[in-house]
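To keep things clear, I will list the structure first and then write my remarks on it.
Nothing in this text is a laboratory measurement; each read-out follows from the coordinates by a stated rule. For clarity, every value in this text was computed on a predicted model and none was experimentally measured. Virtual Cβ from ideal backbone geometry, glycine too; neighbours counted across all protein chains shown.
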């Protein structure tokens, strides 16, 4: 049994959903809760929803949030850890500026809050507790609303000057599709859930047919979630197939390029789409990656994140020492 | 003054030329020689030429090769350091298989020979003695016959599982130009000296005009060396301008992608073309790199290799402890 004072919280703040967990000293999840990321009321609305979902996870674990040793948060965008400030989180509603998320949550939860980059905490979780255990070098690729990445070298996350791991912005087609980052031809421009949805909308406006948006309404979703894409593929939806195929090829090229550069022992595919499609489409991504390797004789291992949907929140909880 | 027993040799074996140096304990070059890489007689012919050019460098320094503490060699292709074996050196004549270069040279030179990857020794030289001094993280890009790279992280060369640094095989256009490595759309397919020459020949066969090959003959060169490209640019040769522009854009995209992934303090541009065009075209490559950065607010420093043409040979000499 865990001592109560060693119980920590972890929150994964994503463009689609907020996932909270409460976890004990043995890294066993003892309570969890999730909800969609609210689109109204901007950063403060998101912070309020995070406090609520953390409360729900704590209730499930039978603790008060104030009794937690601390709460770690994995957030998108640029993070200033000292002040718990999150800036330019383009995949979150009205979050182009800066917001002091850490202090806002501390006030609501009654315990200290540590904020870090969502993908780096996800990679750290896989490195310490998941598919990267006992691996010396890891390339983590988080395929979700955007495409993030993280590099573990000699057992430690490599941060560079603070911005390392942005594999989503590997150029796979010079002068190609416009990316949410503003540049052209990035891997994310073809493989991110958000730009895939934008491309689907453009194609519908041009008169192309798809069941994607009908399925979205039927399942009462505000956007094309990974689940909606999966339904559409099950229905043999042509447009969904084309856009997923485009994403797979872009992922293969971008991951292959990164492997040529850093030559890691293992590639770990995570993120909302990565976890959902890891078993079915992972082998196709791996095959496209291998096509682009300089040394075809010794590809790295390729595996899906083991901690699944909870990996980000578990990784966030590791921020609390 | 250096003690004679501390004098080392270094040889940079390139697709175009062989450069040898003799260097003292203070890393001062005290003798040097170079010659074009011979096209006849395969690997043994290259080894014989290397022994000759090492002899010439030693003569210039007033020493016998047998009196050298040792000789380091930077070679292209796959290296097996223990046996001094060089394999699959596609930019060298008839070197698709394996050849025990180290033992062959040891016999001719009468001292021990250590063989390593040409680009990694070039990056190491810049890291220890050149533009990378006092830098914690470096991305080296060697623009020559091919495009090689090397990564220094926390002050040490990162080798991955043995093949890290192959930035030339970053995909900049999925399904694009065929690369000497066999894949498609690699940065090297657009920027390597060899594929640029092949593209120029294809365009001439299609009836396009250029002074490139006329200049090559006038200067009695067997191929389009970096010097020939420079002459052609001076003459305002349209095809040369187009192909160099294509190379610059590919380099910008590939380097930008690598910076997004590893976020180094400095990018160092070296290699035959990199050193020759560093001052004139380096700023253009840097500008294209910056276009592709995810974080436009803090690009890495961008600089040209300081050790110039001798960097590879100096780096090779550092292999001798």
So, in Å, what gap is there between the alpha-carbon centers of region B:7-63 and region A:210-264?
54
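With all pairs of different alpha carbon atoms counted, what Kirkwood hydrodynamic radius in Å does the protein assembly as shown show? Intermediate results must be reported in sequence, preceding the final value.
Details: mean 1/r = 0.0382 Å⁻¹.
Radius from the Kirkwood sum: 26.2 Å.
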Let me check the size of region B:172-230 from its C-alpha atoms; what are the radius of gyration and Dmax in Å?
12.5, 38
Rounded to the nearest 10, the angle in degrees between the Cα long axis of helix A:118-129 and the longest principal axis of the Cα atoms of chain A comes to 80
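In peptide A:171-183, how many Cβ atoms from other protein chains are near each Cβ within 10 Å, on average?
Numbers: counts 16, 9, 8, 17, 4, 2, 0, 0, 1, 0, 6, 3, 8.
Neighbouring Cβ atoms belonging to other protein chains average 6 per residue here.
Which number comes out as Rg/Rh for chain B once both Rg and the Kirkwood Rh are worked out on C-alpha atoms?
Working: Rg = 19.1 Å, Rh = 19.8 Å.
Using only Cα positions, Rg/Rh for chain B is 0.96.
Once R0 is set to 35 Å, what does the formula 1/(1 + (r/R0)^6) return for the Cβ-Cβ distance between residue B:198 and residue B:284, expressed as a FRET efficiency to the nearest 0.05?
Details: r = 23 Å, r/R0 = 0.66.
The value I calculate is 0.95.
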Computed label-point distance, nm, for sites residue B:96 and residue B:301 using a 7 Å Cα→Cβ extension
4.5
Partner shielding of B:148-157, as the mean number of partner chain Cβ atoms within 10 Å, equals 2
Got a sec? Which residues in region B:223-240 would a label at residue B:205 touch, if it sits 7 Å along Cα→Cβ and we count backbone N under 17 Å?
B:224
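What do you get when you divide the Cα radius of gyration of region A:271-313 by 2.2 N^0.38 Å, with N the number of residues? Present the calculation step by step, with values, prior to reporting the outcome.
Numbers: Rg = 12.1 Å, N = 43, 2.2 N^0.38 = 9.2 Å.
Region A:271-313 yields a ratio of 1.32.
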Can you list the distances in nanometres, one decimal and ascending, from the residue B:208 label point to the identical position in each other copy, with the point 7 Å along Cα to Cβ?
3.1
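One quarter of the convex hull surface, Cα atoms only: what value does that give for region B:49-194 in nm²?
Computing the convex hull of the Cα atoms and averaging its projections yields 10.0 nm².
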Averaged over peptide B:247-256, how many Cβ atoms belonging to another chain are found within 10 Å of each residue's Cβ?
3
Whole-percent tail of the Cα-Cα distance distribution for region B:132-305, cut at 26 Å, equals 28
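Which peptide among A:110-121, A:282-293 comes first, and what is the full order, when sorted by highest mean count of other Cβ atoms within 10 Å? Write down the numbers at each step before the final one.
Values: A:110-121: 23.2, A:282-293: 19.6.
The most tightly packed comes first, giving A:110-121, A:282-293.
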